[in-house]
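Visitor: Mind having a look at this structure? Questions to follow.
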Amino acid sequence: MELKKEKAVKQMNGTSQEYRNFPMVPRVVFGHGSFDQLGDILLPQRRHSEAPVIFLVDDVFEGTPLVQRIPSIFCDRIIFISALEEPTTEQVDALVHHIGEVFSEAPAGIVGIGGGTLLDLAKAVAIMLNNAGSAAKYQGWDLVHKKAVYHVGIPTISGTGAEVSRTTVLMGPERKLGINSDFTPFDQVVLDPELTRGVPKDQWFFTGMDCYIHCVESLNGTFLNAFSQSYGEKALELCTEVFMHDGSPDQKRDKLMMASWHGGMSIAYSQVGVAHALSYGLGFLLGVRHGLGNCLVFRHLAQFYPEGVALFEQMVEKHGIQFPQNVCAHLNDQEMDTMIQVAMGMTPLWENALGPKWRSKIGPEEIRAIYQKI
Ligand code: NAD
Ligand code: ZN
């Protein structure tokens with residue numbers, strides 16, 4: 001009652017401001033070989049032998065020794081999934097349907113093992129097991145009302161911050177958009193840098209740059225606050241050490257894993273910006289993957305992020321990264337318009353990047369000009 005009164009008084013005085021109260025991953029284990037603790041971690045969640053733990057695993061690990069280390073017991077199931085395409089709402093619906101058909105009992109847990117693609121799939125499946133209808137219905141902000149099934153995230157490549165974020169990004173029938181909700185974050189994350197050993201160099205760079213771009217966009221955004229800044233600055237420092245300085249591969253794996261976490265925390269309390277808005281357009285129309293798409297766009301954003309782009313180019317050169325050329329060259333006007341529409345639809349990203357009057361600062365023609373350079 002008192003609180004309500006206080007709020008009303010604040011509103012009358014025009015001083016009312018609602019601060020976000022966002023959930024964080026409540027449990028995390030970090031360390032080389034920590035993956036082997038997974039069995040013990042899952043044990044208290046197991047209700048009985050008929051309630052399975054379902055492991056959604058990137059199929060790049062099929063037939064590798066990692067699979068032998070997955071603590072699958074009773075009627076648990078390992079489902080291998082390709083990460084060659086980013087997750088779709090249709091795929092989530094199909095997995096939920098499959099799980100419902102095969103098991104008589106609701107799963108005791110969902111464990112995602114892989115990059116952003118598998119982590120997002122695990123989050124979405126865990127949510128949709130307890131929420132009716134298609135995953136497409138929940139794309140947006142705070143549309144989920146029932147708690148997800150217990151879910152665990154185990155990244156095998158670092159950068160997206162999907163292990164810590166409050167969203168699961170899905171390609172839907174109408175849009176590429178996340179299920180952003182308080183029930184999306186993992187209940188448990190296992191950070192074992194050893195798991196990132198086999199990542200191919202280009203992919204390491206693209207996903208790592210996703211983290212770098214999260215930092216640049218967060219630190220240069222209008223939503224910045226001390227909370228985001230503290231995480232963003234640390235992540236940026238770690239990215240610079242990983243991509244610009246020397247160090248042992250082990251140290252670099254550790255640092256990039258922590259950079260990913262901190263970068264994710266930074267945008268959790270701020271927002272991403274121009275590169276992500278335009279990258280969503282590329283992803284929606286052309287299926288360009290998130291990390292690569294961000295890089296392709298970011299190179300042409302010196303007007304927005306001059307220092308960030310300059311350092312990015314140094315990193316590209318240091319690692320001899322080659323990008324595909326003329327990605328948008330063959331697009332007709334209608335396709336270009338679709339991409340522009342998708343990009344411009346990302347209102348919070350533009351508001352963060354350019355402020356509430358962003359529409360007076362950028363329009364379809366400026367965005368078209370950037371896409372034409374890619
Ligand atoms: P990814 O999961 O798409 O994987 C990229 C490639 O790396 C795949 O071919 C995969 O098989 C391979 N790979 C992963 N781990 C490997 C390993 N240890 N060894 C060898 N190969 C390995 O990559 P990503 O960049 O981590 O994720 C991109 C996805 O993340 C996109 O779908 C994007 O929308 C999403 N994303 C989500 C968030 C979020 O907050 N939820 C944030 C950013 C991006
Ligand atoms: Zn990103």
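The values are calculated or read from the model by the stated rules, or taken from the named source; none is laboratory data. Just so it is clear, the model here is predicted, and its values are computed rather than measured. Here the Cβ is made from the backbone with ideal geometry for all residues, glycine too, and neighbour counts use every protein chain on show. Accessible surface is based on the protein model in full, side chains and every heavy atom, while ligands, DNA and RNA are left aside. Shrake-Rupley method; radii C 1.70, N 1.55, O 1.52, S 1.80 Å.
Visitor: Find the accessible area per residue for region 44-135; the probe is 1.4 Å, ligands and nucleic acids are left out, and the unit is Å².
Guide: 43 Å²
Visitor: Related question: Rounded to a whole number, what % of the accessible area of the chain do carbon and sulfur atoms account for, probe 1.4 Å?
Guide: Values: 8890 of 17170 Å².
Summing carbon and sulfur atoms, their accessible area is 52 percent of the total for the chain.
Visitor: For a protection proxy built on the mean count of beta-carbon atoms within 10 angstrom, sort 190-197, 69-76, 320-327 highest first, please. Walk me through the intermediate numbers first.
Guide: Working: 190-197: 20.6, 69-76: 16.0, 320-327: 10.6.
My ranking of the peptides, most packed first, is 190-197, 69-76, 320-327.
Visitor: Just in region 314-374: which trypsin sites (Lys or Arg not before Pro) are loop by DSSP and have at most 16 other Cβ atoms within 10 Å?
Guide: On the way: sites: 318, 357, 359, 361, 368, 373; in loops: 357, 361.
Sparse-neighbourhood loop trypsin sites (Lys or Arg not before Pro): 357, 361.
Visitor: Here is a follow-up. Which one, 256, 66, 278, has the greatest fluctuation when you compute a Gaussian network model over the chain with C-alpha springs under 10 angstrom?
Guide: In the Gaussian network model the winner is 66.
Visitor: For the chain, with a Gaussian network of springs between Cα atoms less than 10 Å apart, report the residue from 119, 170, 42 with the top mean-square fluctuation.
Guide: 42
Visitor: Determine the alpha carbon to alpha carbon distance for each of 201/373; 201/255; 252/318; 123/255 and list only those over 18 Å. Please report the intermediate quantities before stating the final value.
Guide: On the way: 201/373 25 Å; 201/255 16 Å; 252/318 15 Å; 123/255 25 Å.
The pairs that break the limit, which is 18 Å between Cα atoms, are 201/373; 123/255.
Visitor: Same structure again: For the chain, give the magnitude of the charge dipole about the Cα centre (Cβ charges: +1 Lys/Arg, -1 Asp/Glu; no others), in debye to the nearest 20. Mind dumping the intermediate values first?
Guide: Details: 31 positive and 42 negative charges, 187 e Å.
In debye, rounded to 20, the chain gives about 900.
Visitor: For region 237-243, take each phi angle, set θ = phi - 60°, evaluate the Karplus expression 6.51 cos²θ - 1.76 cosθ + 1.60, and give the result in whole Hz per residue in order, putting x for glycine and proline.
Guide: For region 237-243, the Karplus-derived couplings read 4, 5, 4, 5, 5, 5, 9 Hz, x marking Gly and Pro.
Visitor: State in Å² the accessible area per residue of region 235-322; use a 1.4 Å probe, count heavy atoms of protein chains only, and round to the nearest integer. Provide the component values of the computation, followed by the final result.
Guide: Details: 3200 Å² over 88 residues.
Solvent-accessible surface per residue comes out at 36 Å².
Visitor: Classify region 39-91: rounded, prolate or oblate, from the alpha-carbon gyration tensor (a ≥ b ≥ c, eigenvalue square roots; a/c under 1.5 rounded; otherwise prolate if a/b is larger than b/c)? Walk me through the numbers before you get to the answer.
Guide: Values: a/c = 2.68, a/b = 1.52, b/c = 1.76.
Since a/c reaches 1.5 but b/c is at least a/b, the shape of region 39-91 is classed as oblate.
Visitor: Next up: Taking all protein chains together and a probe of 1.4 Å, list 245, 97, 300 from the most accessible to the least accessible.
Guide: Values: 245 95, 97 120, 300 55 Å².
The most accessible residue leads, giving 97, 245, 300.
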